[in-house]
Amino acid sequence: MRGKNISGRLLLTATLIAILSLSTVNIRAQSGNEIVIGIVTDRTGALSYYGDMSINGFILGLMYSLNISSFETVVPNLEWKLKWQDKTIHIIAATNVPAGQQVPDPATATKAAEDLIQNKGAEILVGCSDSPSAIALTQIAEKYKVIFLVVPAADHEITKSYLNRYVFQISSTTWHDAIAGGTYAARLGKTVAFIAPSNSWGRSTVEAWSTVIQKNGGTVVADIYAPVTTTDFTPYIQALLASKAEVFVPVWSGATALTLYQQINASGVYQKMKVTSGIPDLATLNLLKMGLYLPNYEGMMKYAWNLPQNNPVNEWLVSKYVELYKKKALPTMGSVLAAFPLPDLFVGEGFVAGHALGLALKKTGGSTNSEKLISALEDLSFTSVKGDIKIRKEDHRTIQDMYIARIVWDNTALQKYYSEDDLPNIYKPFLKVGIFAPKYVDTIKSVTPPIEKNLYPPEAAQPQQPQQAQPAAPPQA
């Protein structure tokens, strides 16, 4: 039954996309008071929940920074409208997943972005959930001279090999992950092994983590790559065990991550190695029961509702998110998978992007002129859901906080915010029994990635080394 329901939802989403392409024709041409933002991300397929999270966060971040109290849903999961002063802000989402497929595709992302710009009037782009699509859109941003806010794609190559002046990587990069998580991994043992997908994100993640681990006195004894579509990880786990590493860092995301962790658990890896990596989203931990296969798991996490400490902006986000969730009125309650009842992993990253854009629009007086927005975004500093943020002028990367957390069973989190009537059926059972949730361990403050490409190079630029995070305090039992 679940497969039929998902198929039906996919068909409905495809139909809505077709309707949208016919009904929304160059909104911007109708009035000078229109701002059109195009979001290219997964609206179907294996990473659709990543797209949901970033859209919810982005719209709420824009509302927070522009002091907008509400929004209008024009097409569910695909188009929204906000009123700001005398302007109307249109947010239009397009999928980068080909019809009938599960995996995002850079060529589809390119076509979607060009359609948003040429036919819908978008002058600002936001996206994507996967790094290959984001890399493709860096070229579209430069071709059409439109601002592109990258979120949540993390490959550091986006703002290294593919950086141009229109691209701002607001999301944390693989360097942020590595500086926080790699430093922590090196505390657990001195020999480290990886299993990662053989794509740009997987390789850039291993590269960055390896650099940080080595700077902290560790040695990488195996970097094992597998196709992103792998479902039988047996040979790769055998190679991992043969490495005799003290620490294992799994680097994986998407639909097959659960399979990887199930096979890691069944192979006895946890009994022979310490395992740490990035902590995944809460929906995956609970709905797919991945938490069952992550015993005593500690590691780096980008964001969850309870990790920012003493942060009024995050308190606003949690309050607004819960308010809208109870009304079934989040921007997207889930294009395929139901939205989690509390702000999840990429909601925070999306919020920072919307917050930054809102502040930039204030500085430009509402102008979407790319040169004015570039000037407004470069060196922009503000306090957001992840603490103090700075968008660096040199390479359009952010300086931001990261977190160390431990996965625990929490039987009070949902009860603090919801009654049974507030939740969709899929989450009702968790209200009484509890959820897998991150428990705060430490904040790695102001994580600063290296400058790998400088848009404004000084005459005698010196290469910068990645910041080494202060070691996190050992978790208390």
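Of these, Ala266, Ala283, which one is closer than 17 Å to Ser129 by Cβ, aliphatic (A, V, I, L, M) and assigned by TED's automatic domain parsing to the domain that holds Val206?
From the options Ala266, Ala283, the qualifying one is Ala283.
Out of the residues in the stretch 341-373 meeting the condition of being under 23 Å from the mean Cα position of the chain (by Cα) and not in a helix (DSSP H, G or I), tell me which one is nearest to Leu60 (Cα to Cα).
By that ranking, first place goes to Pro343.
Checking Gly218 against (1) over 26 Å from Tyr162 (Cβ atoms); (2) surrounded by fewer than 22 Cβ atoms within 10 Å (Cβ to Cβ); (3) not hydrophobic (A, V, I, L, M, F, W, C), which test does it fail?
Here Gly218 meets the rest and fails (2).
Is it the case that the stretch 100-109 has a residue that's assigned to a helix (DSSP H, G or I) and within 22 Å of Pro280 (Cα to Cα)?
The answer is no, given that none of the residues of the stretch 100-109 is assigned to a helix (DSSP H, G or I) and within 22 Å of Pro280 (Cα to Cα).
Please specify each residue of the stretch 223-250 satisfying the condition of being among the hydrophobic types (A, V, I, L, M, F, W, C), modelled with pLDDT of 95 or more, crowded, with 17+ Cβ neighbours inside 10 Å and in contact with a strand residue (DSSP E or B) (Cβ under 6 Å, 6 or more places away or on another chain).
Of everything in the stretch 223-250, those that are among the hydrophobic types (A, V, I, L, M, F, W, C), modelled with pLDDT of 95 or more, crowded, with 17+ Cβ neighbours inside 10 Å and in contact with a strand residue (DSSP E or B) (Cβ under 6 Å, 6 or more places away or on another chain) turn out to be Ile224, Leu240, Ala245, Val247, Phe248, Val249.
Does Pro98 satisfy the condition of being closer than 30 Å to Ile179 by Cβ and surrounded by fewer than 22 Cβ atoms within 10 Å (Cβ to Cβ)?
no
Yes or no: Ala113 of a type in the set (A, V, I, L, M, F, W, C) and not in a helix (DSSP H, G or I)?
No, not satisfied.
Of the residues Thr205, Thr211, which is within 17 Å of Gly278 (Cβ to Cβ), at pLDDT below 95 and surrounded by 17 or more Cβ atoms within 10 Å (Cβ to Cβ)?
Unique residue meeting the criteria: Thr205.
I'd like to know if the stretch 129-146 contains one or more residues that are at pLDDT below 95, part of a helix (DSSP H, G or I) and under 15 Å from the mean Cα position of the chain (by Cα).
yes
So, in the stretch 263-303, exactly how many residues are surrounded by fewer than 16 Cβ atoms within 10 Å (Cβ to Cβ) and of a type outside the set (S, T, N, Q)?
Of the residues in that region, 6 qualify.
For the list (1) part of a strand (DSSP E or B); (2) in contact (Cβ under 8 Å) with a residue 24 or more places away in the chain; (3) surrounded by fewer than 24 Cβ atoms within 10 Å (Cβ to Cβ), I need the number of the one condition that Ile37 fails.
Here Ile37 meets the rest and fails (3).
The values are calculated or read from the model by the stated rules, or taken from the named source; none is laboratory data. Nothing here was measured: the structure is a model prediction, and the numbers come from that model. All Cβ positions, glycine included, derive from the backbone under ideal geometry; neighbour counts span all protein chains shown.
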